[in-house]
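Colleague: I'd like to ask you about the structure that follows.
Just so it is clear, none of the values below were taken in a lab; they were calculated from the coordinates. Not measured: the values here are computed from a predicted model.
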Amino acid sequence: MSVTVRVPAKVNVQLAVGAARADGFHDLANVFLAVGLYDEVTVTPADELRVTCEGPDAAEVPLDRTNLAARAALALAERYGIDPAVHLHIAKDIPVAGGMAGGSADGAGALLACDALWGTRASRDELLGICAELGSDVPFSLVGGAALGTGRGERLTPLETGGTFHWVFAMAPRGLSTPAVFREFDRLGEGLDIPEPVASRELLDALAKGDPDALAAAVSNDLQPAALSLFPELADTLAAGRAAGALATLVSGSGPTTAHLARDADAATEIAEALAASGTCKHVRVAAGPAPGATVVAPQR
């Protein structure tokens, strides 16, 4: 028997970042929106735990036990006293090291797939607890839709969305390290009074109404200055998106992928074509959100 789980990418429509905590993390007000770019994780019984990967930039994905999919399988197996002898195969379509939670998606996908394969019947709260141990973005990858993440992003409150939001994502020619971006955020903020992170009421209202113009006026990312400091060329991609008619442009999460909000599906296609021709990015993808979280799509005997 094998089990396949499909799990979405995310864009942060708001990422408010507080000062560094004593444990090195930062308190966040992180408004996640899942979008329709997906990885699929297939879990099959095997002689030992192993990971394989295919798809764009698959060569950049670690195949050892540092992979979040492997860590998820090990965590669930340890909790239930199960031998984690499975083959985890990741079919990647979410950009690697792109600020769209591709690794986190694989962790959530593997966790749900192993739960189904092993019949552990872990509760949703149990699964979310394991996700939170694996990483700040992993719980949202399990849940999907739209949510406000607080703490370091792992404590989720589901959010209402009143419509579909259309996006164009421009992939950069190289990656950015999330820890490096946070270190740069801390460096840029030295000596400044950094406020407590709070979700924007205007942004939450825009999501609830499904209003792309209102959402465009409210999107923000406190990590964007740090990402631009480390990768100045991203400013050219953001400018190209605005010139192509995007309602708003921002760095997605810690980057380096940039997100361009379109009025509708036709506008997204036009923006994507302009960005692809601009010479400012590696390639572009069009996706809409909200999208469902991790979902079992193919249990096979």
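Colleague: May I ask you to give the average projected area over all directions of the convex hull of the Cα atoms of segment 151-301, in nm² rounded to one decimal?
Modeller: About 11.4 nm², averaged over all directions.
Colleague: May I ask for the equivalent-ellipsoid semi-axes of segment 10-57, computed as the square root of five times each C-alpha gyration tensor eigenvalue and listed largest first in whole Å?
Modeller: Largest first, segment 10-57 gives 33, 19, 9 Å.
Colleague: Report, ordered by chain and residue number, the aspartates and glutamates lying within cross-link reach of residue 209, taken as a straight Cα distance under 20 Å and ignoring same-chain residues fewer than 8 apart.
Modeller: Those aspartates and glutamates meeting the cut-off are 160, 264.
Colleague: Right, here's the next one. For the chain, take the longest principal axis of its alpha carbons; what is the angle in degrees between that and the long axis of helix 102-118, to the nearest 10 within 0 to 90?
Modeller: The angle comes out near 30 degrees.
Colleague: Given springs between every Cα pair under 10 Å in a Gaussian network model of the chain, which of 31, 43, 51 has the largest fluctuation?
Modeller: So, out of 31, 43, 51, the one fluctuating most is 51.
Colleague: Cα axis of helix 178-188 to longest principal axis of the chain: angle in degrees, 0 to 90, nearest 10?
Modeller: 40 degrees
Colleague: If you don't mind, another one. Largest first and in whole Å, give the semi-axes of segment 101-143's equivalent ellipsoid, each being the square root of 5 times a Cα gyration tensor eigenvalue.
Modeller: Computed over segment 101-143, the values are 16, 11, 7 Å.
Colleague: So, one more: Based on alpha-carbon positions alone, could you give the equivalent ellipsoid semi-axes of segment 2-159 from the gyration tensor, as √(5λ), descending, whole Å?
Modeller: Largest first, segment 2-159 gives 25, 17, 14 Å.
Colleague: Distance from the Cα centre of segment 199-238 to that of segment 108-127, in angstrom?
Modeller: 33 Å
Colleague: Additional query: Taking the alpha-carbon distance from residue 282 and a cut-off under 14 Å, which aspartates and glutamates remain once sequence neighbours fewer than 8 residues away in the same chain are dropped?
Modeller: Once the sequence-local aspartates and glutamates are set aside, what remains near residue 282 is 57, 233, 236, 273.
Colleague: If the viscosity is 0.692 mPa s and the temperature 37 °C, what translational diffusion coefficient in µm²/s does Stokes-Einstein give for the chain when Rh comes from Kirkwood over Cα pairs?
Modeller: The estimated diffusion coefficient comes to 170 µm²/s.
Colleague: Another question, if that's okay. So which lysines pass the test for residue 10, namely a Cα distance under 18 Å, with those fewer than 8 places away in the same chain ruled out?
Modeller: Partners found: 92.
Colleague: Calculate the length of the line joining the C-alpha centroid of segment 280-301 to that of segment 2-81, in whole Å.
Modeller: Segment 280-301 and segment 2-81 have Cα centres separated by 14 Å.
Colleague: Let me have the 222 nm mean residue ellipticity of the chain computed from DSSP H runs of 4+ only, each contributing -39500 (n - 2.57), with the sum over all residues rounded to the nearest 500. Show your work: numbers first, answer last.
Modeller: Details: 10 runs with 105 residues, N = 301.
Roughly -10500 deg cm²/dmol at 222 nm, from the helical runs in the chain.
Colleague: Now, a different point. Give me the angle, in degrees from 0 to 90, between the Cα long axis of helix 234-243 and the longest principal axis of the Cα atoms of the chain, rounded to the nearest 10.
Modeller: Once rounded, the angle reads 60 degrees.
Colleague: Continuing with the same structure: Whole percent per 10 Å bin, from 0 to the bin with the longest distance: what is P(r) over all C-alpha pairs of segment 125-190?
Modeller: In whole percents, the pair-distance histogram is 17, 32, 39, 12.
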